[in-house]
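The values are calculated or read from the model by the stated rules, or taken from the named source; none is laboratory data. Since this is a predicted model, take the numbers as computed values, not measurements. Glycine gets a Cβ as well: all are built from the backbone with ideal geometry, and neighbour counts include every protein chain shown.
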């Protein structure tokens, strides 16, 4: 872990509130939902109660927009506690309904409604710029929003100071509590200025949103795209309305389209948000679908590509932990320090045996911590799998080469001992035997009978020693095997076996270790058949198919041989020799029906 | 009788040279490797070459190979291979390439100057010689439905002596039998064992050994 603790941030899960936070969020969401329900109900009931019911379609669009924002806001709040997005959405819904306060008698409700009726548009812009984190991304956006809110407040308050509903032709309207003075000329002048400024502000906000989009990374655009597109219908509605209010006189049908139907465009936004949620679900499903692709041996870079696709960040970098350099390396093996940079965050992928890798990824993915976690888990599985496979492969390769070296070393040792015996002890004993023979001849028939008996005895013992030493040397390594090969050596083995042995073997030559492994395999099997199996005949069959030699030794003895039983150590030793050469051994030994051992050896 | 001796162990080479010299056999050359042996035989062909199997440079079977080369190059020079290996395979290989005037004797015989000189004399006469120990192993090996069981004890003795390369006359001498009687035994053996190969004395050795090894 050394060297990584400082550079790598923890998995950014602190965005997800704890259990207590969740409970608070749930309570808040309940309150908002209940208030929203009441507000919507009143919005529907009020016109009817005042005896001026709206057309059902108009009513549905009007209340539906509020319900959509409040409802989606509640969903967003529950899904991302601590993220202001949900609150902003709910606020838009409530502000949309502020105009309905007109239906409530009294000057206060009227004044509030008249002052704040158009504030929802400002919050809408706030939402467009703050999505998805709920925070405005930069100082510029913050200044724009502060300016916008200030403009809305000042503009509307100023408007209220000079706005007299009775003078504007609404005889039944309550009084404006903020009215200071009404002068038609002044009001017209203020209204003209305000109309141009409002239109300019709306266009400017549109430009700010486009700029906001333009400056995002690809991964971020993927996330905010629906929101930005959905801002289109909202802006269109606001611009149209502004134009209709101040610059043209509409027919009743045109007015109905602008004021009653076009707000439906505002409802696009919450719908798009819901689609975004669905899209996130699809991303989760994609994480799952990636797993089978990343199982088994995967090409280097495949995991990175999968992560980049899942997290919609083509610039995503994956740095692997290298135990050799005790640090992170990129795909090409070059050391890299995982450091967060502006807009990019470091997400570690830890395995059970320590760090595996880190992702350098667009910080927008922090908005979907669960997706990041799922993708991380997927990558972890794939990388862990990859690492384990590589480890097993390298261990296997190492083991193979080690055993191969051991087999060869054993083979060399046997040949050396045999040669040492041949050149040393055997020659000396033969020289001794020769000298003794001459001594016996010189002693002749006339010698002391006791001396002759001693000499004869010594000669017999010496001959015995020579014979035993010869058999010992042969058992360690039969010279015939080196000189004439497996078939000849097996035939010679059969000639001195204590029971009939039938040999069938090809006369071709094979690598030393293969020949000697096959030879000692047969030798041990024949010894077992004679010693333990009470067999009357042994059949040995050596065949070669492709790169594999099959050595089959079968007897007609009592069977019941089992490498797993204590008496089966001979079989275990045979299996070890065969396996050391990369081969396999099978034992078939049903009780009473003989024993067959088969070794399959790679001989190419 | 002139002999060239090839043996890489100095101890044995000098001992053997002395032993043969004491037995009135003239050792014209005593060498330590196969190449020197071949050169010595080429310059001064002896009556008999007595050679070890395993010699420099590869320490495998150059003595045996050299013996076969000598038999091919100098048909008048007999060879006696002195071997440390109780292997019928080597004896068969020698006799397969040289049916006459060749012998395979275990080094164990260096303790018996009479047996050694007898073997040298026999190969010099053009007979074949195979060490009795090698034959005893072959005759005594266990066989499935052993066909040798069909032979009488005497016939088995005759079979073994045939395999050692003895002539009918030599077999008769060893068993105190007339040549005619030996001939009868030989015919009976060949019939019982269905050895179809040549009945000619110096050709039958290989046939009998092949039979015993099969």
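Things worth noting here:
- Scanning region A:250-300 for residues that are modelled with pLDDT under 75 and not in a helix (DSSP H, G or I) yields A:295, A:296, A:297, A:298, A:299, A:300.
- Residues located in region B:72-84, provided they are in contact with a strand residue (DSSP E or B) (Cβ under 8 Å, 6 or more places away or on another chain) and assigned to a loop (DSSP other than H, G, I, E, B): B:77, B:84
- Residue count for region A:580-599, restricted to those that are under 17 Å from residue A:560 (Cβ atoms) and surrounded by fewer than 18 Cβ atoms within 10 Å (Cβ to Cβ): 7
- Options A:490, A:581: the member that is farther than 26 Å from residue B:140 by Cα, in contact (Cβ under 8 Å) with a residue 40 or more places away in the chain, touching a strand residue (DSSP E or B) at 6+ places or on another chain (Cβ under 7 Å) and assigned by TED's automatic domain parsing to the domain that holds residue A:596: A:581
- Only helices (runs of 4 or more DSSP H) whose full extent lies in region B:104-178 are considered here, and the ones with at least 1 residues that are surrounded by 16 or more Cβ atoms within 10 Å (Cβ to Cβ) and either in contact (Cβ under 8 Å) with a residue 60 or more places away in the chain or within 11 Å of chain A (Cβ to nearest Cβ) (or both) are B:113-124, B:132-140.
- Set side by side, the residues A:46, A:66, A:39 differ, and just one is touching a residue at least 24 places away in the same chain (Cβ under 8 Å), farther than 25 Å from residue A:126 by Cβ and over 40 Å from the mean Cα position of the chain (by Cα), which is A:46.
- Considered as a group, the residues in region A:507-537 that are more than 10 Å from chain B (Cβ to nearest Cβ) and more than 28 Å from residue A:409 (Cβ to Cβ) include one that is surrounded by the most Cβ atoms within 10 Å (Cβ to Cβ), and that residue is A:529.
- Among the residues of region A:473-496, those identified as within 8 Å of chain B (Cβ to nearest Cβ), part of a helix (DSSP H, G or I) and more than 18 Å from residue A:506 (Cβ to Cβ) are A:474, A:479, A:495.
- Residue B:69 satisfies every condition listed in (1) in contact with a strand residue (DSSP E or B) (Cβ under 7 Å, 6 or more places away or on another chain); (2) away from chain A (no Cβ under 14 Å); (3) closer than 22 Å to residue B:205 by Cβ except (1).
- Only one of the numbered conditions (1) within 12 Å of chain B (Cβ to nearest Cβ); (2) over 19 Å from residue B:59 (Cβ atoms) is not met by residue A:470, and that is (2).
- Breaking point among (1) over 23 Å from residue A:478 (Cα atoms); (2) assigned to a helix (DSSP H, G or I); (3) touching a helix residue (DSSP H, G or I) at 6+ places or on another chain (Cβ under 8 Å); (4) away from chain A (no Cβ under 14 Å), for residue B:95: (1)
- Identity of the residue in region B:2-33, over 18 Å from the mean Cα position of the chain (by Cα) and part of a loop (DSSP other than H, G, I, E, B), that ends up farthest from residue B:78 (Cα to Cα): B:9
- Considering region B:34-56, the residues that are in contact with a helix residue (DSSP H, G or I) (Cβ under 6 Å, 6 or more places away or on another chain) and not in a helix (DSSP H, G or I) include one that is surrounded by the fewest Cβ atoms within 10 Å (Cβ to Cβ), namely B:47.
- Flag for residue A:420 being away from chain B (no Cβ under 11 Å), in a helix (DSSP H, G or I) and under 30 Å from residue B:113 (Cα atoms): yes
- The residues on offer are A:140, A:131, and the sole one that is assigned by TED's automatic domain parsing to the domain that holds residue A:204, surrounded by fewer than 17 Cβ atoms within 10 Å (Cβ to Cβ), under 56 Å from the mean Cα position of the chain (by Cα) and closer than 30 Å to residue A:216 by Cα is A:140.
- Exactly one residue out of A:383, A:406, A:399 is surrounded by fewer than 16 Cβ atoms within 10 Å (Cβ to Cβ), in a helix (DSSP H, G or I), within 39 Å of the chain's Cα centre (by Cα) and away from every other protein chain (no Cβ under 14 Å), and it is A:399.
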